[in-house]
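Here is the structure we will look at, set down as structure tokens.
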Amino acid sequence: MPNKRKIINDPVFGFLSIPNELIFDVLEHPYVQRLGRIRQLGLSNYVYPGAMHTRFLHSIGAMHLMQEGLASLRQKGVNISENEETAAEIAILLHDIGHGPFSHVLEHTLVEGITHEEISLLMMQQINIDLSSETDCQLWEHRPLDEAIAIFKDEYSRHFLHQLISSQLDVDRMDYLCRDSFFTGVQEGRVASERLLKMLNVVDDKLVVELKGIYSVEKFLVARRLMYWQVYLHKTSVAAEQLLIKILSRAKELAAAGVELFCSPALHYFLYHHITEREFTLGSEAVRQYALLDDSDVLCAIKAWMSAEDKVLRLLSTAFTNRQLYKGRLLTEPLNEEEKRMMRCYYTDKLGINEKDADYFFVEHILTSNTYSEKDDSIDILYNDGTVRDIASASEILDLKALTRKPKKLYLYQYRI
């Protein structure tokens with residue numbers, strides 16, 4: 001029998017353990033192994049060369065933080081069974097399994113009308129079917145993935161377990177802030193995840209943070225805001241993303257016209273078929289092909305398209321491969337029709353293309369983020385007298401308007417000649 005009790009050396013949190021054979025079997029599933037071929041930060045490596053870490057590493061780290069969080073809650077007297085612990089660990093391990101190539105970048109380009117969370121759920125259900133019939137691990141007799149899926153969907157009887165996976169202060173965010181900060185070198189994103197987890201408690205089936213942890217929560221929210229504008233929404237990273245979206249949009253247009261392009265079988269499936277949420281059902285061909293699609297399919301195709309007969313695809317693919325990204329310019333207001341016409345005329349004249357194709361060489365895009373949402377589960381602070389207050393009112397340095405405001409920046413991205 002293979003040794004399934006492994007230790008993983010993580011550069012962010014140190015040595016992480018795989019707690020049992022069941023989770024080892026989940027990790028071995030091809031759907032999970034695929035996450036090792038998808039970058040966590042999409043195209044941020046164009047700005048921060050060290051940002052090459054994967055969704056797999058993030059999922060492992062989030063599972064570790066889940067272990068730490070559950071252990072802390074048990075010490076506070078919260079009753080959590082071994083089955084619930086395993087289910088919660090599997091749920092966080094699989095929470096990102098539905099991400100496509102380059103994470104969020106292509107979520108609405110290759111597939112329409114379905115989110116990565118919905119695809120994650122379908123893939124979790126398929127893993128449940130596969131492992132229930134294939135593995136001989138006795139732990140599967142308790143149907144832990146049934147509980148994991150219920151926790152993921154927030155249909156399990158204990159809401160706080162779902163909050164650990166998806167809320168405004170969850171282990172997912174704690175890991176990606178620490179991890180993305182580490183690999184980009186942006187120290188402002190580093191958060192005190194260990195202290196935050198030690199300060200957690202449960203009141204009326206909701207996660208709360210004990211009062212002495214309020215400063216760590218404030219630092220967490222500030223770090224998240226800074227990471228969005230310094231990393232996730234960096235104008236150069238977004239320029240690379242917009243260029244990639246334009247490339248695949250052009251490829252899909254050519255495919256629809258019957259032009260045969262070099263690509264892997266999985267990428268071919270999504271380029272040459274109009275795939276919407278209707279095609280995504282449990283066990284469907286769309287799910288099977290999606291599970292075979294990763295960053296390498298896209299990168300290999302774009303490298304080949306540098307020699308494409310189509311001039312638009314050739315120019316854009318060459319620019320992407322050689323890091324000749326769109327140039328970003330902050331706008332005070334959207335382009336009017338005359339300005340757009342002049343932009344089209346410029347590229348028509350310089351590149352020898354028609355006006356319709358000129359639209360591939362510039363794009364307006366709005367960047368926006370919010371630190372805190374009133375609509376989601378609040379981050380609640382537990383006072384010593386037992387009362388609970390929202391962080392927006394409990395904090396002395398943060399106020400509701402500052403937390404919930406969604407600043408917007410309008411950029412024009414254009415091809416450089």
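Observations on the model:
- The range 316-345, subset among the polar types (S, T, N, Q) and over 29 Å from the mean Cα position of the chain (by Cα), residue nearest to LEU271 (Cα to Cα): ASN336
- Residue match in the range 206-220 (condition: open to solvent by 60 Å² or more (accessible area, probe 1.4 Å), more than 26 Å from GLN75 (Cα to Cα) and either outside any strand (DSSP E or B) or in contact (Cβ under 8 Å) with a residue 12 or more places away in the chain (or both)): no
- Being under 30 Å from HIS268 (Cα atoms) and open to solvent by 40 Å² or more (accessible area, probe 1.4 Å) is true of SER249.
- The numbered conditions (1) touching a residue at least 60 places away in the same chain (Cβ under 8 Å); (2) closer than 27 Å to SER44 by Cβ; (3) among the β-branched types (Val, Ile, Thr) are all true for ILE302 except (1).
- Which listed residue is basic (Lys, Arg) and either open to solvent by less than 30 Å² (accessible area, probe 1.4 Å) or touching a residue at least 60 places away in the same chain (Cβ under 8 Å) (or both), from ARG195, ARG190, ARG225, ARG173: ARG225
- Considering only residues in the range 385-417 that are among the β-branched types (Val, Ile, Thr) and within 29 Å of the chain's Cα centre (by Cα), the one that is modelled with the highest pLDDT turns out to be ILE391.
- Failed criterion for ASP154 (all others in (1) farther than 29 Å from PRO11 by Cα; (2) in contact with a helix residue (DSSP H, G or I) (Cβ under 6 Å, 6 or more places away or on another chain); (3) in contact (Cβ under 8 Å) with a residue 40 or more places away in the chain hold): (3)
- Close pairs (8 angstrom Cβ cut-off, 6 or more residues apart or separate chains): more than 17 Å from GLU68 (Cβ to Cβ) in the range 1-22, among the acidic types (Asp, Glu) anywhere: LYS4/GLU21; LYS4/ASP25; ARG5/GLU21
- Of residues in the range 16-74 being aliphatic (A, V, I, L, M) and open to solvent by 30 Å² or more (accessible area, probe 1.4 Å), the one farthest from the chain's Cα centre (by Cα): ALA71
- Single residue of the range 205-258 satisfying the filter (polar (S, T, N, Q) and in contact with a Leu (Cβ under 7 Å, 6 or more places away or on another chain)) that is farthest from ASP380 (Cα to Cα): THR236
- Single residue of the range 316-352 satisfying the filter (open to solvent by less than 40 Å² (accessible area, probe 1.4 Å) and aliphatic (A, V, I, L, M)) that is nearest to SER103 (Cα to Cα): LEU325
- Enumeration of residues in the range 316-327 that are assigned to a helix (DSSP H, G or I) and either touching a residue at least 24 places away in the same chain (Cβ under 8 Å) or touching a strand residue (DSSP E or B) at 6+ places or on another chain (Cβ under 7 Å) (or both): LEU316, SER317, ALA319, PHE320
For (1) under 13 Å from VAL26 (Cα atoms); (2) polar (S, T, N, Q); (3) assigned to a loop (DSSP other than H, G, I, E, B), each residue gets a yes or a no:
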site: THR86; (1), (2), (3): yes, yes, no
site: GLU89; (1), (2), (3): yes, no, no
site: GLY98; (1), (2), (3): no, no, yes
site: HIS108; (1), (2), (3): no, no, yes
site: GLN125; (1), (2), (3): yes, yes, no
site: GLU147; (1), (2), (3): no, no, no
site: ALA150; (1), (2), (3): no, no, no
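- Every residue from the range 273-315 that is part of a loop (DSSP other than H, G, I, E, B), over 24 Å from the mean Cα position of the chain (by Cα) and either at pLDDT 95 or above or surrounded by 19 or more Cβ atoms within 10 Å (Cβ to Cβ) (or both): MET306, SER307, ALA308, GLU309, ASP310
- Exclusive hit being of a type in the set (S, T, N, Q) and assigned to a helix (DSSP H, G or I), set SER181, SER157, SER167: SER181
- Top-ranked residue in the range 123-170 [being modelled with pLDDT of 90 or more and polar (S, T, N, Q); ranked as most open to solvent (accessible area, probe 1.4 Å)]: SER157
- Test for HIS268: is it open to solvent by 40 Å² or more (accessible area, probe 1.4 Å) and either outside any helix (DSSP H, G or I) or of a type in the set (Ser, Thr, Tyr) (or both): no
- Filtering the range 111-122 to residues that are touching a residue at least 60 places away in the same chain (Cβ under 8 Å), surrounded by fewer than 19 Cβ atoms within 10 Å (Cβ to Cβ) and assigned to a loop (DSSP other than H, G, I, E, B) leaves only GLY113.
The values are calculated or read from the model by the stated rules, or taken from the named source; none is laboratory data. Note that the coordinates shown come from a computational prediction; the quantities given were computed from them, not determined experimentally. FYI the Cβ positions are ideal-geometry reconstructions off the backbone, even for glycines, and counts take in every protein chain you see. For the accessible areas, the whole protein counts, side chains as well, though only heavy atoms, and no ligand, DNA or RNA atoms are used. Shrake-Rupley method; radii C 1.70, N 1.55, O 1.52, S 1.80 Å.
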